[in-house]
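Visitor: Let me give you the structure first, and then I'll get to my questions.
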There are 2 protein chains.
Amino acid sequence: MGEKLKKIAKNILDHIAIAVPEIEPVLEHYSNMFDAEITPPKVILEQGIRMAYVHFENIKIELIEPLNKKSPVAKFLERNPKGAMHHFCAVTTDAEASAKSVKDNEMRTLGEPGVGHHGQKMFFLHPSDTSNILVEIVESKK
Amino acid sequence: MGEKLKKIAKNILDHIAIAVPEIEPVLEHYSNMFDAEITPPKVILEQGIRMAYVHFENIKIELIEPLNKKSPVAKFLERNPKGAMHHFCAVTTDAEASAKSVKDNEMRTLGEPGVGHHGQKMFFLHPSDTSNILVEIVESKK
């Protein structure tokens, strides 16, 4: 079965995302524990979240905090009130081609492909097609 | 407060670990979706798990499946029956020095530092000291 399917992304991960009830204490822990640079929290109104990055040499950790109870991240935190890893994100050089491969593989995206808060094209794969671990695909030149 | 504390690890992540009820379907999904190499499942009797790796260029995903209901991973899956991200792992060049920094920072390890299934020195940080996201520290020369 595998050989008939089209690859959806490169084998590079862009980030892992961790949903937390409050970003600042996590940033304080991680800046104490590691040498990693921090991108401070930023409000992303259209997604109903605040977001910060911890830059490791080989990958970023994205911290996400819901702005309100309607945010899908708030629903995730209802099931994991202390916070939990939320998704991982792989890189593609062409998000449209990737989304087409998803359909060709008879897999589904979660909602429509969109544009991330840095302007990059991205989409989520439907968790039912990925053993219930949420996977984001983001377009990146690297 | 930050500047008084000692760094515990380098800013490189070795892997992210995902606990799943059954490894094989996830391996099939991931080998379809990405170009990543796979290390097939291996039984780690002393930890009560099976384990496989998906090798991305910049990081590994470690898939862990409990062998029995006593495994701590089985308890984790009781709360997340379909699987969920379990921990992430950062690299140190000296696990003993890292464990000492943990104590000097008045943080705690989860149990005693030990030896991983590849012979590498490793320990887990106590989740209460890391905003409840489980963090492993592993000794590695890279």
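The values are calculated or read from the model by the stated rules, or taken from the named source; none is laboratory data. Because the structure is a prediction, the values reported are computed rather than measured. Glycine gets a Cβ as well: all are built from the backbone with ideal geometry, and neighbour counts include every protein chain shown. Side chains included, ligands, DNA and RNA excluded: accessible areas come from the protein's heavy atoms. Shrake-Rupley method; radii C 1.70, N 1.55, O 1.52, S 1.80 Å.
Visitor: Tell me: how much accessible area in total is hidden between A and B, 1.4 Å probe, Å², nearest 100?
Guide: Adding both sides of the contact gives about 4100 Å².
Visitor: If I ignore ligands, DNA and RNA and count only protein heavy atoms, how much of A:HIS87 is accessible to a 1.4 Å probe, in Å² to the nearest 10?
Guide: 10
Visitor: What is the protein assembly as shown by shape, rounded, prolate or oblate, if you read a ≥ b ≥ c off the alpha carbon gyration tensor as root eigenvalues and call it rounded for a/c under 1.5, prolate for a/b larger than b/c, and oblate otherwise?
Guide: Taking the square roots of the gyration eigenvalues as a ≥ b ≥ c, the protein assembly as shown is oblate.
Visitor: To continue, here is another question. Using modelled backbone amide H atoms (1.01 Å from N, in-plane), which distant-in-sequence or interchain residues come within less than 5 Å of A:THR109's amide H?
Guide: Result for A:THR109 returns A:HIS126.
Visitor: Considering only protein heavy atoms and a 1.4 Å probe, what is the carbon-and-sulfur percentage of the accessible area of the range B:1-128?
Guide: Summing carbon and sulfur atoms, their accessible area is 53 percent of the total for the range B:1-128.
Visitor: Over 27 Å between Cα atoms: which of A:LYS6/B:LYS60; B:LYS42/B:LYS70; A:LYS42/B:LYS82 fall into that group?
Guide: Beyond 27 Å: A:LYS42/B:LYS82.
Visitor: Can you work out ³J(HN,Hα) from phi for every residue in the range A:108-113, in order, using Karplus 6.51 cos²θ - 1.76 cosθ + 1.60 and θ = phi - 60°, giving whole Hz and x for Gly and Pro?
Guide: My calculation for the range A:108-113 gives 10, 8, 8, x, 8, x Hz in order.
Visitor: What distance in nm lies between label points placed 7 Å from Cα along the C-beta direction at A:ASN105 and B:GLU37?
Guide: It is 2.1 nm.
Visitor: Same structure, new question: With a 1.4 Å probe and all protein chains in place, put B:MET122, B:MET33 in order of accessible area, largest first.
Guide: B:MET122, B:MET33
Visitor: Check which residues have an amide H placed less than 5 Å from A:ILE49's amide H, if you skip close sequence neighbours.
Guide: A:ILE44, A:LEU67
Visitor: Which residue in A is nearest the A/B rotation axis when you measure from the C-beta atom, and what is the distance in Å?
Guide: Spelled out, residue of A and its Cβ distance from the axis onto B: A:MET85, 2.
Visitor: Ok, one more. Excluding ligands, DNA and RNA, what is the solvent-accessible area per residue of the protein assembly as shown at a probe of 1.4 Å, expressed in Å²?
Guide: Ligands and nucleic acids excluded, the result is 49 Å² per residue.
Visitor: In whole Hz, with x marking every Gly and Pro, tabulate ³J(HN,Hα) for the range A:16-27 from phi via Karplus 6.51 cos²θ - 1.76 cosθ + 1.60, θ = phi - 60°.
Guide: For the range A:16-27, the Karplus curve yields 10, 10, 10, 8, 9, x, 8, 6, 4, x, 5, 4 Hz.
Visitor: Between copies, how close do the A:GLU37 label points come, placed 7 Å along Cα→Cβ, listed in nm from shortest?
Guide: Counterpart label points of A:GLU37 in the remaining copies fall at 3.0 nm.
Visitor: Please give the solvent-accessible surface of A:HIS86 in Å², to the nearest 10, using a probe radius of 1.4 Å with every protein chain present.
Guide: For A:HIS86, the solvent-accessible surface is approximately 30 Å².
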